[in-house]
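First up is the structure itself, then whatever we jot down about it.
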């Protein structure tokens, strides 16, 4: 298991919307394919169209006919970018210290694959009555293109899915969605001494932001879910960029916002509502125009029912009640394929996306024991 963790962490696979930082995940996919084929899995590497150097992996052990009601263990192969100057050790070398295993992707989430494969190796392939599938996706940390490329046909043999994102071994059955939108106001440059010579994009953006804040208040009044620590949808005005000099009327201003909708709030409906509210913010004769575009397609909110069979089974095996979180995962895309899905894995989300990322050593054995019991319950008995 540690050798696999060492190899995975030692294989860079950064995904980023910044093309200068983005890397292929194929070296990681090929490592996983070799290990899984040696265990008797049927392995399919699925290249992503229009994304050279990127692929998903689907590996299945046991009968894979339609309606076989098997289990999927799912994770992503990529990591976020890193700044090596902030690391106290080599981010691409698995380092054990103070009962922690450090390395880029140690908790989010390359270690998961090593643990899942180690647990799968404990079973006799002939004992599988229902299939076990290990799914490895591309680009979860950027645009989730890997998860979006999955089809129902690829998983007609499965009924349940576990995503091994870091949750401290607590099952998650619900999380908010993610939307990121760009709003651009275009005006006309001119000398600042005479406002009539131009049209200020920053002043136009001021009106836009006022409307955004009113919309946020309306959403938070209409939508509440007490299962979440932050019970309402949120909106963050994350960046504003405009203008180039104090003595020039600003001709271009862009604001980027992040919205976290609750389960039951549809992304397309929210975008249409936003566009409708913004349509009349800038008067026709103001010489200002407003353009709205999604930064990426978005991640839907996710919910698996509290009384679902998988929820009750995992709560029983972990001894923990399923919870809700604010961060997004690939779970809604697996739900869309008809899979009952929960998120549960070792490590803590607070350790993800930062220097000196680690997975606690004392969570490895409990998580492996959980997966072994889950596989036995769903695939063997």
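Bear in mind these aren't lab numbers, they're just calculated from the coordinates by the rules spelled out. Not measured: the values here are computed from a predicted model. Here the Cβ positions follow ideal geometry from the backbone for every residue, glycine too, while neighbour counts run over all protein chains shown.
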Task: region 1-96 - percent relative contact order, Cα under 8 Å, separation 6 or more - done: 32 percent
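Highest first, please rank the peptides 172-178, 100-106, 220-226, 369-375 by the mean number of other Cβ atoms sitting within 10 Å of their residues.
Working: 172-178: 23.9, 100-106: 25.7, 220-226: 12.1, 369-375: 19.7.
So the order, starting with the most tightly packed, is 100-106, 172-178, 369-375, 220-226.
Could you tell me the calculated FRET efficiency between residue 297 and residue 89, based on Cβ-Cβ distance and R0 = 35 angstrom, to the nearest 0.05? The partial results should precede the final answer.
Numbers: r = 36 Å, r/R0 = 1.03.
Efficiency at R0 = 35 Å is approximately 0.45.
Pairs of Cα atoms under 8 Å, at least six residues apart: use those to get the relative contact order of region 179-294, whole percent.
Over region 179-294, the number comes to 42 percent.
Please give the peptides 67-73, 347-353, 109-115 ranked by average Cβ packing (other Cβ atoms within 10 Å per residue), highest first, as a rough proxy for protection. Show your work: numbers first, answer last.
Values: 67-73: 20.3, 347-353: 18.3, 109-115: 27.4.
Going by the mean number of other Cβ atoms within 10 Å, highest first, we get 109-115, 67-73, 347-353.
From Cα pairs below 8 angstrom and at least 6 apart in sequence, can you work out the relative contact order of the chain, rounded to a whole percent?
Values: 852 pairs, mean separation 90.4, N = 381.
Result for the chain is 24 percent.
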Open item on the list: Using only Cα atoms and rounding to the nearest 10 degrees, what angle (0 to 90) does helix 364-375 make with the longest principal axis of the chain?
Closed with: 70 degrees
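Any idea what diffusion coefficient region 60-138 gets from Stokes-Einstein, in µm²/s, Kirkwood Rh on alpha carbon pairs, 4 °C, 1.567 mPa s? Let's see the in-between values first.
Details: Rh = 14.8 Å.
Answer, rounded: 88 µm²/s.
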- [ ] Beyond 19 Å, what share of the Cα-Cα pairs of region 179-294 is found? Please give it as a whole percent.
- [x] 49 percent
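Take peptides 31-39, 135-143 and line them up by average Cβ neighbours within 10 Å, highest first, as a rough protection proxy. If you can, show how the numbers build up before the last one.
Values: 31-39: 17.7, 135-143: 25.3.
The most tightly packed comes first, giving 135-143, 31-39.
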Open item on the list: If you average the C-alpha positions of region 208-252 and of region 260-311 separately, how far apart do those two centres end up, in angstrom?
Closed with: 12 Å
- [ ] Could you calculate the FRET efficiency of residue 202 with residue 239 from 1/(1 + (r/R0)^6), where r is the beta carbon distance between them and R0 is 22 Å, rounded to 0.05?
- [x] 0.95
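How much FRET efficiency would the formula 1/(1 + (r/R0)^6) give for residue 362 and residue 326, where r is the Cβ-Cβ distance and R0 is 25 Å, rounded to 0.05? List each step's numbers first, then the result.
Numbers: r = 26 Å, r/R0 = 1.03.
Given R0 = 25 Å and the Cβ-Cβ separation, E is 0.45.
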Task: region 339-365 and region 314-335: distance between their alpha carbon centers, rounded to Å - done: 13 Å
Open item on the list: Cut-off is 10 Å between beta-carbons; in what order do 42, 167 appear when sorted fewest neighbours first?
Closed with: 42, 167
Open item on the list: Could you tell me the center-to-center distance, by alpha carbons, between region 138-165 and region 170-191 in angstrom?
Closed with: 24 Å
- [ ] Give me the angle, in degrees from 0 to 90, between the Cα long axis of helix 26-38 and the longest principal axis of the Cα atoms of the chain, rounded to the nearest 10.
- [x] 20 degrees
Task: Inter-probe distance in nm under a simple model that places probes 7 Å from Cα toward Cβ, at residue 18 and residue 369 - done: 4.3 nm
Task: Residues in region 219-233 reached by a label modelled at residue 286 [backbone nitrogen below 15 Å; 7 Å Cα→Cβ] - done: none
